[in-house]
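This structure is in structure tokens; I'll ask about it shortly.
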Amino acid sequence: MDSIRIESGKRRIAINDDPERVITFDPQDILFAERFYAAYLEFETKKAAFEERLRTVGTGTLDGNGIPIDVDQGIACMKEMCVFMREKIDLLFGAGTSEMVFGDTLSLKMIGQFLDGIT
């Protein structure tokens, strides 16, 4: 029987060189590109709103230790942004991807490193 070989174009990327933590995706897949671009546009919209919220934090009264009394609002905003980005990553790369990549950590820096590595 004749056979043809079709290359899927899928990329396998290990997280921190760990063969147990691997992401697989096809950057040439139009559906992946469509989801990636939609997530990017949604992130850009949300990012502006988050940045606006953060601009107002820490500009007011300080407590006795010199810490802004509204620091909890800044932390809540950054947490919300991390959770949002992790949800988008899971939509793009599959449920549980964020847990595999970041564990329980909510870090905008780590999420940025991940997205830079993927692009």
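Is it true that Thr119 is among the β-branched types (Val, Ile, Thr) and farther than 20 Å from Arg35 by Cβ?
The answer is no for Thr119.
Sticking with this one: Would you mention how many residues in the stretch 63-102 are surrounded by 11 or more Cβ atoms within 10 Å (Cβ to Cβ), at pLDDT 90 or above and assigned to a loop (DSSP other than H, G, I, E, B)?
Number of matching residues: 1.
Among (1) open to solvent by 70 Å² or more (accessible area, probe 1.4 Å); (2) of a type in the set (Phe, Trp, Tyr); (3) touching a strand residue (DSSP E or B) at 6+ places or on another chain (Cβ under 8 Å), which single condition is Tyr37 missing?
Unmet for Tyr37, out of (1) open to solvent by 70 Å² or more (accessible area, probe 1.4 Å); (2) of a type in the set (Phe, Trp, Tyr); (3) touching a strand residue (DSSP E or B) at 6+ places or on another chain (Cβ under 8 Å): (3).
Among all residue pairs at least 6 apart or on different chains, which show Cβ distances below 8 Å where the first residue, located in the stretch 48-75, is without any contact (Cβ under 8 Å) to a residue 60 or more places away in the chain and the second is surrounded by 10 or more Cβ atoms within 10 Å (Cβ to Cβ) and among the polar types (S, T, N, Q)?
Close Cβ pairs (under 8 Å, with a partner that is surrounded by 10 or more Cβ atoms within 10 Å (Cβ to Cβ) and among the polar types (S, T, N, Q)) amount to Arg53/Gln73; Val57/Gln73.
Here is a further query. In the stretch 21-34, how many residues are touching a residue at least 12 places away in the same chain (Cβ under 8 Å) and either polar (S, T, N, Q) or loosely packed, with under 13 Cβ neighbours inside 10 Å (or both)?
Looking only at that region, the number is 3.
Restricting the search to the stretch 8-20, which residues are closer than 18 Å to Gly112 by Cβ and either touching a residue at least 24 places away in the same chain (Cβ under 8 Å) or in contact with a strand residue (DSSP E or B) (Cβ under 9 Å, 6 or more places away or on another chain) (or both)?
Ile13, Ile15
Determine whether the stretch 13-33 contains at least one residue that is of a type in the set (Gly, Ala, Ser) and not in a strand (DSSP E or B).
yes
Kindly indicate the residue of the stretch 103-119 that is outside any loop (DSSP other than H, G, I, E, B) and among the hydrophobic types (A, V, I, L, M, F, W, C) and also nearest to Glu51 (Cα to Cα) among those meeting that condition.
Filtering the stretch 103-119 for residues that are outside any loop (DSSP other than H, G, I, E, B) and among the hydrophobic types (A, V, I, L, M, F, W, C), the one nearest to Glu51 (Cα to Cα) comes out as Leu108.
The values are calculated or read from the model by the stated rules, or taken from the named source; none is laboratory data. Owing to the predicted nature of the structure, the values given are computational and were not obtained by experimental measurement. In this analysis, Cβ positions are derived from the backbone assuming ideal geometry, glycine residues included, and neighbour counts consider all displayed protein chains. Note: accessible area is taken over every heavy atom of the protein model, side chains too, but ligands, DNA and RNA are not part of it. Shrake-Rupley method; radii C 1.70, N 1.55, O 1.52, S 1.80 Å.
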